[in-house]
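Peer 1: Just passing along the structure, written as structure tokens.
The values are calculated or read from the model by the stated rules, or taken from the named source; none is laboratory data. These numbers were taken from a predicted model, which means no experiment stands behind them. Cβ sites come from the backbone with ideal geometry, for glycine too, and all protein chains shown count toward neighbours. Surface accessibility is based on the protein's heavy atoms, side chains included, excluding ligands, DNA and RNA. Shrake-Rupley method; radii C 1.70, N 1.55, O 1.52, S 1.80 Å.
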Amino acid sequence: MKKWRFLLGFGSETGQSKSIAQGMGDIASDQHQICADIFELDEIDKQFKLEDEPVMVIVTSSTGDGEPPSNASKFWRKIRREKNPQFLSHMKYTVLGLGDTNYSNFCNCGRVLDRRFEELGATRFYPSAWADDAVGMDSTIEPWLQGLWPALKETLGKIGNSTEASVSDISDSINQLNLSTENKPTVNRQLSSSNKFKSDEDTITYSSSLTELTTLTLPPKPTHSLAVKLIESAENAYQPSIEGQYHASTLTRRECLTHDAAVKAVMSINLQLSEEEFAFEPGDAVKVVCANNENEVNLLLKRLQWMDKASYQLDISISPDNTKKSAKVPTYIPLMCSLRYALTNCLDIRSSPRKNLLRLFVDCTTDEDEKRRLEELCSKEGSEVYIKYILEEHLSVLDILNHFPSCQPDVPILIEFLPSLMPRFYSICSSPLDDARSIQFVYSLLKFEPKNGRTYERNGVCTNWLNEIDLGTKVQIQTRISQHFRLPLTLDTPVIMIGPGTGVAPFIGFLEHLHLSSKSINGFDVNNLNTWLFYGCRHRQHDFLFEEQIQMYQQINVLKHLFVAASREDNYPYRYVQDQLRANGKDIADLIYHRNAVIYVCGDIKVMVRDVRETIAQILKETFDIQNIEEYMKSLETSRRYLLDIWS
Ligand code: FAD
């Protein structure tokens, strides 16, 4: 029997859309006998042609200012430029956009693609959805996925003959689906009277409302397809297997930029590149390949009872019992490596287990109370509890295993179902005019306390790794070229830079670039510059990043105006950057309205992004009595005069 298939395209910057698309591909094949051909959107015309695709599902995020992720930009351009209004009239589609409502261009990439597909004649077979990180994406993604499968099957069924399956094949597969006991999606398990988790308050291990239920709707059990053989050998230097073009660099300097009394330490890193062809400009970011923490990996190895075999070589292959057609050995794990290597360098052991993994854990658990609770957590009825206690608290797979001591999953399951460890991005704060083969960036150290279900203390994965590696360590990096976050082409265009905390990083790059340009370019007169920096910290004595450098830029006339906010200083009138913007409202409004200023906002504080936009809108409205201020703000954004570089 030929199988139904559809095209599943993803646009992913940090790996989230990719991991969701891969999860969807597994569910399609395991639970619905549908084959999803999964490609990056930019594989268009290489791996797929839209002209030949009857059904397409798109999963995409947007970057800071609503642009497409870097592996979707070609697709985006092609779709936007297409002139034929019937180009996609043969196609049925739907879109899952990922975004954050704190940004004005929420889910812009997904929304634009959704609109454009419709304009080009495609028909939405199922409503598109916009998942909002500000309130938790899973509250949208979970119900959207539940509705997707019946809609997709109906659509594939209707176009049956024109795709690969015949009508009789289709009814066969529907029957198979309905009759399969393995995948039966409900469970009826009596609660044992000795529920060991019973407590007065609801926690990760107990919810009074769920224990009363006698029937739970479980996701069908995913099929797993990997087998692992062990080859006893000494640990080797494995070749990392990283997708994409990375450059080798060396850590040459690491420095703490904050005072001991600062609430959060901020570090600065310098990397020296060994290759010539690395190119970057101020405004770009760098993608850093990192590794998980050694202690955390050891804890996981111990919990899996694999400590004594941790250095044996794994031979990962497709299991002989495999029935999954789409089964493949993960490409991000080297063909020959140890479990220690895979857990350290290839797998995201920190991410919260998705429900399909929890479903598999149920069958690896011997204690009846633990089994029941795991069923609750992955059931439809337990969706809110799963979001509240696992996703929102960022519980890792190790946390879950610690809470359920009788759960002993097989290693191949983890290798197959944990997502790949993704590189992290950092805004470059140096200029290529200084040294085109050296880059600098800064990062905040992240620490998460062991509470609310988290069973051990942990730091941010990449920032911890950057902090622990020795000088001289090789670091794999890639540039992320910014589409629009660039200095204006004309010297006298006013530049308004708003960057609290580490958000100041790209502006240091801008100012350094202007400073070095003034030294090296004939006719570059710093007197023509019109640069404004709004910086925010907690306490000017503790965490004013790059203070001396910024003062130097002021002295040499590269930075014309500096305004600092300090959120934890008593008796200081400006707590947040928006207070300083308001205090200088008339000047700012004039620069924007009359002098075509470009506004740049950068940082990791989502609320700041929203508040800064509201403040600027308010200032403009009050100063110039602009009636439709939202339209005016949108025009600033579309004309690339209001630019964001935001992360969370
Ligand atoms: P992770 O291990 O990834 O942990 C951070 C994540 O943990 C958060 O995303 C959050 O979802 C989650 N979390 C929140 N609370 C908890 C909790 N209680 N327990 C467990 N987990 C929790 N960062 C900088 O510092 N400087 C920069 O210049 C910079 N530039 C960037 C530019 C771009 C374009 C982007 C996309 C990001 C940038 N970032 C920057 C962010 C950076 O990429 C990383 O996300 C950040 O350093 C954290 O990485 P990490 O691996 O240390 O933390």
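Peer 1: Please enumerate the residues belonging to the stretch 442-459 that are open to solvent by 30 Å² or more (accessible area, probe 1.4 Å), within 11 Å of the ligand (Cβ to nearest atom) and closer than 30 Å to residue 222 by Cα. Write out each step before concluding.
Peer 2: Taking the stretch 442-459 and keeping what is open to solvent by 30 Å² or more (accessible area, probe 1.4 Å), we get 445-452, 454-455, 457, 459.
Filter once more, keeping what is within 11 Å of the ligand (Cβ to nearest atom): 445-452, 454, 457, 459.
Within the stretch 442-459, 452, 454 meet the criteria.
Peer 1: For the structure I just gave you, tell me whether residue 130 is in contact with a strand residue (DSSP E or B) (Cβ under 6 Å, 6 or more places away or on another chain) and not acidic (Asp, Glu). Write out each step before concluding.
Peer 2: On the way: in contact with a strand residue (DSSP E or B) (Cβ under 6 Å, 6 or more places away or on another chain): yes; not acidic (Asp, Glu): yes.
So residue 130 fits the description; yes.
Peer 1: Still on this structure: Among the candidates 380, 388, single out the residue that is free of Cβ contacts under 8 Å to residues at least 24 places away in the same chain and farther than 22 Å from residue 38 by Cβ. Walk me through it before giving the result.
Peer 2: Numbers: 380 fails: free of Cβ contacts under 8 Å to residues at least 24 places away in the same chain.
When all the criteria are applied, what remains is 388.
Peer 1: To continue, here is another question. I need the strands (runs of 3 or more DSSP E) fully contained in the stretch 278-356, keeping only those with at least 2 residues that are open to solvent by 20 Å² or more (accessible area, probe 1.4 Å). Full working, then the answer.
Peer 2: Values: elements: 285-288, 313-318, 336-338.
Answer list for the stretch 278-356: 313-318.
Peer 1: Looking only at residues that are assigned to a helix (DSSP H, G or I) and at pLDDT below 95 in the stretch 581-610, which one is most open to solvent (accessible area, probe 1.4 Å)?
Peer 2: Here the residue is 610.
Peer 1: Filter the stretch 518-575 for residues that are touching a residue at least 40 places away in the same chain (Cβ under 8 Å) and part of a helix (DSSP H, G or I) and give the result. Show your work before the answer.
Peer 2: We begin by selecting, within the stretch 518-575, every residue touching a residue at least 40 places away in the same chain (Cβ under 8 Å); these are 518, 520, 530, 532, 534-536, 538-539, 541-543, 545-546, 549-550, 553, 556, 558-559, 565, 568.
Once the filter is applied, which keeps residues that are touching a residue at least 40 places away in the same chain (Cβ under 8 Å) and part of a helix (DSSP H, G or I), the stretch 518-575 yields 518, 520, 541, 542, 543, 549, 550, 553.
Peer 1: Does at least one position in the stretch 59-78 carry a residue that is crowded, with 20+ Cβ neighbours inside 10 Å, farther than 30 Å from residue 503 by Cβ and not basic (Lys, Arg)?
Peer 2: no
A quick yes/no check of all residues on (1) at pLDDT below 95; (2) touching a Pro at 6+ places or on another chain (Cβ under 7 Å); (3) of a type in the set (D, E, K, R); (4) on the phi < 0 side of the Ramachandran plot:
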| site | (1), (2), (3), (4) |
| --- | --- |
| 450 | no, no, no, yes |
| 465 | no, no, no, yes |
| 472 | no, no, no, no |
| 480 | yes, no, yes, yes |
| 493 | no, no, no, yes |
| 498 | no, no, no, yes |
| 501 | no, no, no, no |
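Peer 1: In the stretch 429-441, what residues are surrounded by 19 or more Cβ atoms within 10 Å (Cβ to Cβ) and either within 19 Å of the chain's Cα centre (by Cα) or more than 9 Å from the ligand (Cβ to nearest atom) (or both)?
Peer 2: Narrowing the stretch 429-441 to residues surrounded by 19 or more Cβ atoms within 10 Å (Cβ to Cβ): 429-432, 439-441.
Matches in the stretch 429-441: 430, 431, 432, 439, 440.
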